[in-house]
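A.B. asks: My structure is below; once you've seen it, I'll send some questions.
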Amino acid sequence: MGFNAVADAALEACPGCGALLPVSPAPSHRYIGASGACWDIYTSLHLGGEPPMQPGPLLELMVDAYAAQHPGVPGPQAIQSVAVHLLALHGVLEKGLPPAQALWVRQRALRGARHDRFVWLDPPDFSGGPNVAAIANAPDPASRTALAERWIHSVWSAWAAQHEAAVAHWYEAFVLPERLA
């Protein structure tokens, strides 16, 4: 089962990852900036297990990588979503937390949340890089998992190149155990 574009289908670029995908009437998420086709691939792959993947230690971060790669447009929900997902990536990939603690990081980042806690960070350009369509098109579960783990690292690396200091500051202020913001 692949998600390859049909040669005659009209294509559109996903506004988040830049993947060229068939124009789709599928609904998208209300503040994650993805095309309907890209959102459909993500939900099928990550939430529905189609096509199947092999278990991998970083797969719990797929939601974080996807949300960070598809930041949407500036607005309170999009700003908070990107920040929280970047914090989870930072906690696991930079601070060495086990991937199973990503949920804990997300929850800690939101305790006592105020809408002005985080600010919009200009997103990097993700066009041409790994994305969920490429993962879904990989030939077998092991290849899909390996590509997903590279994708997770690449999404964090792209953000960290521009905004690692801001995310590290948020982590210190809003995630670390005894800190209340």
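The values are calculated or read from the model by the stated rules, or taken from the named source; none is laboratory data. Since we're looking at a predicted model, the values are computed, not measured. Reconstructed Cβ throughout: ideal geometry from the backbone, glycine too, with neighbour counts over all protein chains shown.
A.B. asks: Pairs under 9 Å by beta carbon, first residue more than 10 Å from ALA109 (Cβ to Cβ) and at pLDDT 95 or above in region 85-97, partner of a type in the set (D, E, K, R) and crowded, with 23+ Cβ neighbours inside 10 Å, six or more apart or different chains?
C.D. replies: LEU89/ASP64; VAL92/ASP64
A.B. asks: So is ILE41 in contact with a His (Cβ under 9 Å, 6 or more places away or on another chain), part of a helix (DSSP H, G or I) and hydrophobic (A, V, I, L, M, F, W, C) or not? Don't jump to the end; show me each part of the working.
C.D. replies: Values: in contact with a His (Cβ under 9 Å, 6 or more places away or on another chain): no; part of a helix (DSSP H, G or I): yes; hydrophobic (A, V, I, L, M, F, W, C): yes.
Against the criterion (in contact with a His (Cβ under 9 Å, 6 or more places away or on another chain), part of a helix (DSSP H, G or I) and hydrophobic (A, V, I, L, M, F, W, C)), ILE41 does not qualify.
A.B. asks: For region 126-148, how many residues are surrounded by fewer than 19 Cβ atoms within 10 Å (Cβ to Cβ), modelled with pLDDT of 95 or more and not hydrophobic (A, V, I, L, M, F, W, C)? Steps first, answer last, please.
C.D. replies: First, the residues of region 126-148 that are surrounded by fewer than 19 Cβ atoms within 10 Å (Cβ to Cβ): 127-129, 134, 137-143, 146.
Filter once more, so that each one left must be modelled with pLDDT of 95 or more: 134, 137-143, 146.
Next cut, not hydrophobic (A, V, I, L, M, F, W, C) only: 137, 139-141, 143.
Number of matching residues: 5.
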